[in-house]
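This report refers to the structure that appears directly beneath it.
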Amino acid sequence: MGVRVTAEFRAAIVQIIASPGSKLGILIMTISMYQASVPSLIRSLNNLVAILEKGAAHAEVRKIDPTILINSRLYLDMFPLVRQVQIASDIARKGVARLAGLEAPTIEDDETSFPQLIARLGKTTAYLETLTPLS
C-alpha cells in the first residue's frame, strides 16, 4: 500500500519549478506524500500517547477520577479531551487512507478511560505502520 502520485502531476510540478526565471530551478527536491505525512503523524500520535500516560499517572497520584480529566475542556468552546483524541486519531487514519486511495479502518468513538484512548492511538499507529511509500 502506498500513496500514488501520477507521472503527469510530477512532471507538472517539475515544469513549474524548472521554468525559466524560476529561482527554485536549482533546488529541485522530491518528497512523497508518504514522507510528508506518515512519519510525522506517527511521531505526533506517540507524543499524544506519552501525554495521556502522564495524565493517567497524575490522576492516580492526585487521587482524581480519570473521567474528570478525560471529559475536561481547557476552554468552554473546546471539545473535551476524549473527543480531541478521537479527532486526532480520525484525521491521521482517514487522511492517510484518502491519500493512498484506501478505505480507512473504522474505530468506534466509545472510549471512556485513559487506557482505551491509548489503545485507540495504538490502533491508529499500527494502521499507519502498515503503509509503505511507493518506489
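Cβ separations smaller than 7 Å between residues 6+ apart or across chains give the following pairs from the stretch 89-114 residues that are part of a loop (DSSP other than H, G, I, E, B) to residues that are of a type in the set (S, T, N, Q) and surrounded by fewer than 17 Cβ atoms within 10 Å (Cβ to Cβ): THR112/THR67. Only residues that are under 18 Å from LEU99 (Cβ atoms) and crowded, with 20+ Cβ neighbours inside 10 Å were counted in the stretch 109-127, giving 2. If only residues of the stretch 64-88 that are in a helix (DSSP H, G or I) and out of contact with any Ser or Thr (no Cβ under 9 Å at 6 or more places or on another chain) are counted, the one that is farthest from VAL38 (Cα to Cα) is ILE68. Return a yes/no flag: does the stretch 27-40 have any residue that is at pLDDT below 60, in a helix (DSSP H, G or I) and more than 18 Å from GLU129 (Cα to Cα). Among the residues of the stretch 27-40, not one is at pLDDT below 60, in a helix (DSSP H, G or I) and more than 18 Å from GLU129 (Cα to Cα), which makes the answer no.
The values are calculated or read from the model by the stated rules, or taken from the named source; none is laboratory data. On a predicted model such as this, the values are computed, not experimentally measured, just so you know. A quick note on method: Cβ atoms are made from the backbone with ideal geometry, for glycine too, and the neighbour counts reach across all protein chains shown.
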